[in-house]
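Below is one structure, written out as structure tokens; comments come after it.
The values are calculated or read from the model by the stated rules, or taken from the named source; none is laboratory data. A quick note: this is a predicted structure, and the numbers were derived from the prediction, not measured. All Cβ positions, glycine included, derive from the backbone under ideal geometry; neighbour counts span all protein chains shown. Keep in mind that these areas ignore ligands, DNA and RNA; they rest on the heavy atoms of the full protein, side chains included. Shrake-Rupley method; radii C 1.70, N 1.55, O 1.52, S 1.80 Å.
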Amino acid sequence: MPDQPFYGLSSYHTTLMALGMGIILAYWLPRFVTGREPAASALLIGIGAIAFHLIPDLPGALDPREQSRFWEVLSEIAVIVALFGTGLRIDNLHSLTRWTPTIRLLALAMPLTIGAVALLGWAWGGMTAAGAILLGAVLAPTDPVLAGDVQVGPPTEGGEHPVRFALTTEAGLNDGLSFPFVYLALFVGMAAFSFPDLLVEWFLLDVLYRIAIGTLAGAAIGWVLGRVLFVIPRGNVLADTGSGLLALAGVLLCYGTTELIEGYGFISCFVAGLVLRRVEEKHTFHTKLHSFNEAIELSLTAILLVLVGGVLPLLWEDLTWTLMGIALALLLVIRPLAGWLSLARTELRPRERAVVAFYGVRGIGSVYYLGFATHHMELVNEGELWATIAFTILLSTIIHGLTAGIAVDRVAKPRPDGDGHGNAVVDDQ
């Protein structure tokens, strides 16, 4: 055997120890100060920063500026699992008017947010046009992974107050719908086409085709999964005895298939969850699928947040006061204002409208998009982009993570006069 200390420190095993200890502490320590289910996201980042500071050379090995593919793949899995689970959660799709706030948020608030952040990144942050558009695209979508406190509950629980429904469905769809703007940033960065030709190709391929294919593939795969799990063969269906592992299998099948035919897999996973949920809606197997799916989602999210905290000190060198100002403007001004304006004349009351507008949680989806972009193209502003994204996630976990549950619980209460569709609204959460 080669000469080495018997108690030599392995960076790999030290990393595992730090991850495990950090996650346990982040969920345990809040129990001393609150009776609510702890919002551990900010603590996970903070403990990651402390723990990895004590491990020599480890943060450098995970530097997203050098290891973008690692961050892209890990966050990609977390997001697709979360999106499928988000689709499974939704009990009631019988009233199309419930989707009005969601459509407004996607069609108005998201493009306004992308444009405003991109403008700030270019004019105030000194970024290139491609870098500024990318900054807007990766920061605009709300996050399906970190928004659990503001979403509807597990399958068959009910309690889908309009505030929770709007935040859930927005998070389920806008991760996929912001992808065209990521591609637009990459096209602009390549500068390989004349601008009119670029816009035509972008609109036809990255907007129309990929969104349509993602939606259709998700609906088809969700329908087929529903038959496999609940219908065929008669009298011996998988739903009666099957494992929750089938949820992960469905996610992987859906995402892989859709990406192979050049559709948006994020949209497909959410739609597949929605369609699958419509088969035998009250069956307890939906809860089993969701529970298994949620366990994977929470595990991957916790690991990612500890790792984000671990690399934060490396990214400070690229974080300027201007970039910090952009992050603060997004969370405190741009998203709340864009959300408030887009929700005008909807069924939401003023307080409900304010909560939906403000609680646009930023998180793991932004990590994926930036990892995807930087893996496919070398960007001039790569360091500044990673620093801004990491700082924004940290701020969002503090501002939103520590207040969202309380704020949404206060407004998402039963309405004595119904939900606007002739039905009483009951929030069981």
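One residue stands out among those in segment 257-300 that are assigned to a loop (DSSP other than H, G, I, E, B) and modelled with pLDDT of 90 or more: the one that is farthest from G172 (Cα to Cα), which is I261.
The selection criterion, being within 20 Å of R362 (Cα to Cα) and not basic (K, R), holds for A327.
Go through the residues of segment 337-355 one by one and say whether even a single one is under 25 Å from G20 (Cβ atoms), open to solvent by less than 10 Å² (accessible area, probe 1.4 Å), part of a helix (DSSP H, G or I) and not β-branched (V, I, T). Within segment 337-355, not a single residue is under 25 Å from G20 (Cβ atoms), open to solvent by less than 10 Å² (accessible area, probe 1.4 Å), part of a helix (DSSP H, G or I) and not β-branched (V, I, T).
Is segment 308-328 home to any residue that is out of contact with any strand residue (DSSP E or B) (no Cβ under 8 Å at 6 or more places or on another chain), open to solvent by less than 50 Å² (accessible area, probe 1.4 Å), hydroxyl-bearing (S, T, Y) and within 30 Å of T215 (Cα to Cα)? Checked against the condition, which is being out of contact with any strand residue (DSSP E or B) (no Cβ under 8 Å at 6 or more places or on another chain), open to solvent by less than 50 Å² (accessible area, probe 1.4 Å), hydroxyl-bearing (S, T, Y) and within 30 Å of T215 (Cα to Cα), segment 308-328 yields no hits at all.
Among the conditions (1) farther than 30 Å from T241 by Cβ; (2) crowded, with 24+ Cβ neighbours inside 10 Å; (3) more than 15 Å from the chain's Cα centre (by Cα), the only one that L276 does not satisfy is (1).
With respect to being touching a Leu at 6+ places or on another chain (Cβ under 9 Å), open to solvent by 60 Å² or more (accessible area, probe 1.4 Å) and among the hydrophobic types (A, V, I, L, M, F, W, C), L108 fits the description. E384 meets all of the listed conditions (1) modelled with pLDDT under 90; (2) closer than 25 Å to M127 by Cβ; (3) in contact with an Asp or Glu (Cβ under 8 Å, 6 or more places away or on another chain) but one, namely (1). Scan segment 173-184 residue by residue and report those that are open to solvent by less than 30 Å² (accessible area, probe 1.4 Å) and part of a helix (DSSP H, G or I). Across segment 173-184, the qualifying residues are N174, D175, G176, F179, P180, V182, L184. Scanning segment 406-429 for residues that are modelled with pLDDT of 50 or more and in contact with a Lys or Arg (Cβ under 6 Å, 6 or more places away or on another chain), we see that the one that is surrounded by the most Cβ atoms within 10 Å (Cβ to Cβ) is A412. Among all positions in segment 140-160, there is at least one residue which is farther than 23 Å from T388 by Cα, in contact with a Phe, Trp or Tyr (Cβ under 7 Å, 6 or more places away or on another chain), modelled with pLDDT under 90 and buried (at least 24 other Cβ atoms within 10 Å of the Cβ).
Inside segment 211-232, residues that are more than 16 Å from A247 (Cβ to Cβ) and open to solvent by less than 70 Å² (accessible area, probe 1.4 Å) make up a count of 9. One residue stands out in segment 49-102 among those that are open to solvent by 30 Å² or more (accessible area, probe 1.4 Å) and polar (S, T, N, Q): the one that is farthest from G20 (Cα to Cα), namely T97.
If you check L402 against the conditions, is it within 19 Å of F70 (Cα to Cα), at pLDDT 75 or above, open to solvent by 20 Å² or more (accessible area, probe 1.4 Å) and not in a helix (DSSP H, G or I)? Against the criterion (within 19 Å of F70 (Cα to Cα), at pLDDT 75 or above, open to solvent by 20 Å² or more (accessible area, probe 1.4 Å) and not in a helix (DSSP H, G or I)), L402 does not qualify. Listed here are the helices (runs of 4 or more DSSP H) enclosed by segment 185-256 that have at least 1 residues being modelled with pLDDT of 90 or more: 210-230.
Taking first residues from segment 288-299 that are aromatic (F, W, Y) and partners that are part of a helix (DSSP H, G or I) and open to solvent by less than 20 Å² (accessible area, probe 1.4 Å), the Cβ contacts under 7 Å between residues at least 6 apart in sequence or on separate chains come to F292/A247. Looking for something aromatic (F, W, Y), assigned to a loop (DSSP other than H, G, I, E, B) and either in contact (Cβ under 8 Å) with a residue 12 or more places away in the chain or in contact with a Phe, Trp or Tyr (Cβ under 8 Å, 6 or more places away or on another chain) (or both) - is there at least one such residue anywhere in segment 94-107? No, segment 94-107 contains no residue that is aromatic (F, W, Y), assigned to a loop (DSSP other than H, G, I, E, B) and either in contact (Cβ under 8 Å) with a residue 12 or more places away in the chain or in contact with a Phe, Trp or Tyr (Cβ under 8 Å, 6 or more places away or on another chain) (or both). Given the criteria under 24 Å from I47 (Cα atoms), of a type in the set (A, V, I, L, M, F, W, C), under 20 Å from the mean Cα position of the chain (by Cα) and open to solvent by less than 10 Å² (accessible area, probe 1.4 Å), does L304 qualify? In short, yes. The number of residues in segment 304-345 being closer than 16 Å to H53 by Cα and either of a type in the set (F, W, Y) or at pLDDT 95 or above (or both) comes to 1.
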